[in-house]
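Structure first, then comments.
What follows is calculated from the coordinates using simple rules that are stated; it is not laboratory data. All values derive from a computational prediction rather than experimental measurement. FYI the Cβ positions are ideal-geometry reconstructions off the backbone, even for glycines, and counts take in every protein chain you see.
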Amino acid sequence: MEATLASIGDQERPLKSSSLVRVEASPQGSVSDEAAGLEVLRAASKQNLDPKFRLIFGDSGNLAYHGLTSLDQGPSFGDLVVGARPDLMNCTAPVDPALTQLYQTLASSRHVGVDPEFGKDLLDCYFSYQVFNTIDRSAFMRDMALGGTCFSDFLLVAIYSCGIRMIDGLEPDERQAHSERFAQSSKDLLAQELDGSSKIATVQGLLLLSWRECAVGEVSKGWTHTGLVGATANRKRNKSLRVTSQAFRLIHDLGIHLAPDSIEGISGLSPEEKHIRERLFWSAVIWDKAISLALGREPTFPPRKGHDPSMLVDFADDDEAWCPFYAHVSNRPAPLRAYTYAPKRQMDTFRHLAHLSVILHDLITQIYSSDSELDEAQRQEFCTSSQHRLQNLGESMAGSHQFSPGRPSPPPWIFMLLMLYHATWILLHRPLVDKSEVTLSSVHVMRCLEHSTILNQMAVSYHATFARRLPYVAMYSAFVAMSLDVTLFRADDVGEQVAALDRVRSWNEVLRDVERNSESQYPPLA
């Protein structure tokens with residue numbers, strides 16, 4: 001058994017060494033994404049197109065980036081070396097699906113503060129419903145079993161904190177007790193994490209905690225962990241933004257916010273770590289837009305100019321069918337007993353959500369920002385160009401991400417994407433609606449009406465299918481639709497006034513019913 005585990009470790013675990021290694025082409029020519037990357041950088045150097053930033057592996061073992069004015073310029077370009085550290089993967093074999101069950105078994109001893117079976121259920125629940133796809137489950141479970149940088153106790157407990165909100169079979173007071181315990185454990189473990197060097201697993205855990213705290217309503221105070229806007233009355237509601245700010249600061253420290261082609265030394269990372277960094281970057285972009293919209297504040301984490309998420313790598317199980325997870329099959333509601341969605345398209349949905357977030361970033365900064373300098377004609381021009389971008393995105397989703405009235409709702413991540421997509425249409429046209437004279441002859445009013453109607457239909461379908469509270473981003477989208485419907489009470493068409501009132505009543509019924517169910521046998525999803 002020991003020999004088997006040693007063999008697996010050699011094949012699957014990141015190589016570890018305390019020495020410095022030079023990145024070279026493999027004798028067989030099989031790797032050399034890293035070496036080829038160096039050649040590209042050397043060619044750029046000869047053309048006076050040197051990268052503006054360097055990844056530096058300091059004496060303390062910390063990874064950070066430095067720019068052209070930094071005191072620490074690191075090794076010269078011609079003699080580039082990369083520090084091989086346990087938390088930086090220089091060569092990682094793809095996770096072998098055949099070993100998944102073995103990893104599950106080996107990982108059972110790594111659970112923190114919970115029975116291994118309950119811990120496994122919490123992980124299964126979180127990964128079944130995760131909507132932001134920050135964590136690659138196969139890499140996480142491998143490193144949970146064998147040791148490695150895709151796992152940490154802090155990240156594990158952060159996953160517990162999210163999973164406990166969605167898992168079935170718990171009474172409300174029991175769920176609350178677990179939730180508070182996991183929250184306290186995560187604080188204790190976070191203090192230990194922040195005492196060392198910046199790590200990707202720390203960022204992932206912080207983002208998970210931020211999402212969880214927004215979902216439970218603790219959303220409103222400062223933008224930074226240091227308390228830049230720290231003097232609000234409600235201290236309970238500051239957590240999410242402080243945690244989000246910590247995550248963004250660590251992302252900057254690790255250089256994840258920079259375009260890979262602008263960083264010297266990026267080629268020393270393994271393909272797996274490059275993919276993880278890229279996915280984490282887009283997760284932060286998406287969440288930044290979501291929390292900015294909900295609080296009516298400026299985005300703080302912009303997308304990279306000239307880059308998009310098209311090259312994000314799929315999860316290994318993206319083409320598999322999805323069934324809602326229930327720890328106890330008897331708790332599965334009747335509408336879900338035969339529910340299957342195939343393929344589940346989690347990463348494909350994530351790519352579309354990232355594309356949508358780029359559009360939203362421009363929308364917030366150009367239309368809703370206090371610093372916007374667009375005049376009326378420029379606003380109309382921006383609206384037209386953004387509309388084309390949204391139409392192109394909608395066409396790319398057609399066939400794979402659809403809502404059909406009268407049919408069961410798609411899974412939570414697709415539902416959330418579609419809700420935010422239709423809400424973005426309303427956010428684009430709403431500022432151009434003349435609220436003093438709401439007329440159906442206005443193209444902007446009709447655009448808003450079209451997408452408000454779809455949002456209402458989707459929410460009703462989701463509730464009928466899952467009987468759960470709406471995910472946080474979907475809840476915001478519902479607010480956008482309802483606010484538009486209230487505006488339509490003043491429409492110049494009596495029939496539309498009545499239809500808007502019916503939609504508001506429908507929203508209220510869904511929200512009241514979900515609130516009753518969410519604390520009992522039907523906990524919220526995401």
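Taken over the Cα atoms of the stretch 243-394, the convex hull encloses 183 Å³ per residue.
At a 10 angstrom cut-off on C-beta neighbours, averaged per residue, how do the peptides 450-456, 334-340 rank from highest to lowest? Please list the in-between numbers first.
Numbers: 450-456: 21.3, 334-340: 11.9.
In decreasing order of mean packing, 450-456, 334-340 become 450-456, 334-340.
Whole-Hz Karplus values for the stretch 275-290 come out as 5, 5, 4, 5, 5, 5, 4, 6, 4, 5, 4, 4, 5, 4, 5, 5 Hz, taken residue by residue from phi with 6.51 cos²θ - 1.76 cosθ + 1.60 and θ = phi - 60°; glycine and proline positions read x. With the cut-off at 29 Å, tell me which of the pairs Lys289/Lys435; Lys305/Lys435; Lys120/Lys289; Lys187/Lys344 have Cα atoms farther apart than that. Among Lys289/Lys435; Lys305/Lys435; Lys120/Lys289; Lys187/Lys344, the Cα-Cα distance tops 29 Å for Lys305/Lys435; Lys120/Lys289; Lys187/Lys344. To the nearest 0.05, how large is the calculated FRET efficiency for Glu376 and Ser404 if R₀ is 41 Å and r is the Cβ-Cβ distance? Taking R0 as 41 Å, the efficiency between Glu376 and Ser404 is 0.60. Taking amide hydrogens as placed 1.01 Å from N in the peptide plane, the amide H of Trp322 sits under 5 Å from those of Tyr341, Ala342, Lys344, each at least 5 positions away in sequence or on another chain. Rg and Dmax over the alpha-carbon atoms of the stretch 341-409 stand at 15.5, 47 Å. The amide H of Glu264, built 1.01 Å from its N in the peptide plane, has Phe53, Arg54, Leu55 as neighbours under 5 Å, considering only residues 5 or more places off or on other chains.
Working note: Cα atoms of the stretch 318-442, range along each principal axis, descending, whole Å: 58, 30, 26.
For the ranges 418-426, 171-179, what's the packing order if you count other beta-carbon atoms within 10 Å of each residue, average per peptide, and put the highest first?
Numbers: 418-426: 24.2, 171-179: 13.8.
Order by mean packing, descending: 418-426, 171-179.
Working note: Debye formula, equal point scatterers on the alpha-carbon atoms of the stretch 158-208, no solvent; log10 I(q)/I(0) at q = 0.20, 0.29 Å⁻¹ is -0.69, -1.09.
Which shape class, rounded, prolate or oblate, goes with the stretch 436-489 when its Cα gyration tensor gives a ≥ b ≥ c as root eigenvalues, a/c under 1.5 marks rounded, and past that a/b bigger than b/c marks prolate? If you can, show how the numbers build up before the last one.
Numbers: a/c = 3.16, a/b = 2.36, b/c = 1.34.
Prolate, since a/c reaches 1.5 and a/b exceeds b/c.
Its alpha carbons considered, the stretch 379-526 gives a radius of gyration followed by a Dmax of 15.6, 49 Å. Its relative contact order, with pairs defined as Cα atoms under 8 Å and 6+ residues apart, puts the stretch 146-207 at 56 percent. On the principal axes of its alpha carbon atoms, the stretch 283-372 extends 54, 29, 17 Å, with the longest extent given first.
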